[in-house]
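Heads up: the structure comes next, in structure tokens.
Every number here is computed from the coordinates shown, using simple stated rules; none is lab data. Everything numeric in this text was worked out from a predicted model, so none of it was measured. Neighbour counts are summed over all protein chains in view; Cβ atoms, including those assigned to glycine, are modelled from backbone coordinates with ideal geometry.
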Amino acid sequence: MARKIVVTSGKGGVGKTTVCCNLAVQLARRGFRVAVCDLDFGLNNVDVALGVEHLALYDVVDAVEGRCRPKQALVQHPLYPTLYCLASNRVSERYVSPQAVRLVLDAVSPQFDFILIDSPAGIEEGFHRAASCAEEALLVTTPHISAMRDADRVAGILKCYRFRSVGLAVNMVRRDFVRRGEILQPREISAALKLPLVAVVPEEDKLFLENVVGRSRAFCGLADYFTGGEGGERGADEGGFWGAMRRRHKKEGRA
């Protein structure tokens, strides 16, 4: 049976879907069977981020309402054969219960190692629908005060779900802002939210423009965290981004 991980955020626009899709790609690159389920009804874009929006014939709502079998709603990625997308291309006219979505995910679960659930931002009904279908959680935030404030509220609710694990990914971290003390360091955010830091993703134009980046050190570290390798925090702190910052400090200190 697949591990079901909900990827969520307190505030919209923090890159939750980008983190979710890039994690899925890294897991698929390692040979794991991965499905990404988009439960952000109405503001869905997982299929767009993965580049398979033109391939979807059915979506998760079709499966829930019985217009297709759950397996028929899965879209295989053309570049990563073990990666599938379960899109949500429209809003149902009827209430979609967490139990109905869970039945769909349970039906396809034996085919996969991981099911990543892209949750709506915030703490409304859609968030609870996604969270109730998962066993683990990944909270995505940015170093901005408004995002961290909302993330703190979500973190408190996630702890009530008693997930097997809840990790924190800090996205859009700018080295120059950290260096000047204009934003908190990721470890400080982790301490404030009382969640383990599992990934630090630097702000990059390539991530913004392409959605899915094949060889990002931060997402490799995040995949390590979920597969039992070295955690994403170490990869980010000791690797290119934070390592480059330390080297720059040392170089300027010698100047």
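Taking amide H atoms as placed 1.01 Å from N in the peptide plane, list the residues 5 or more away in sequence, or in a different chain, whose amide H sits under 5 Å from that of residue 3.
Answer set, sorted by chain and number: 114, 115.
Please list, in order along segment 96-110, the HN-Hα scalar couplings obtained from phi with the Karplus expression 6.51 cos²θ - 1.76 cosθ + 1.60 (θ = phi - 60°), rounded to whole Hz, x for Gly and Pro.
Values, residue by residue: 9, 7, x, 5, 5, 5, 4, 4, 5, 5, 5, 5, 9, 4, x Hz.
Provide the descending list of Cα extents for segment 4-90 along its principal axes, expressed in whole angstroms.
Over segment 4-90, Cα extents along the principal axes are 32, 32, 24 Å.
State which entries of 11/159; 16/194; 71/159 exceed 27 angstrom in Cα-Cα distance in the structure shown.
71/159
Taking the mean number of other Cβ atoms within 10 Å as a proxy for protection, how do you rank 95-106, 58-69 from highest to lowest? List each step's numbers first, then the result.
Working: 95-106: 16.3, 58-69: 18.1.
Averaged packing, sorted descending, gives the order 58-69, 95-106.
Enumerate the calculated ³J(HN,Hα) couplings along segment 180-191 in order (Karplus 6.51 cos²θ - 1.76 cosθ + 1.60, θ = phi - 60°), each rounded to whole Hz, writing x wherever the residue is Gly or Pro.
Each residue's phi maps through the Karplus curve to give 7, x, 7, 9, 5, 6, x, 5, 5, 5, 4, 5 Hz.
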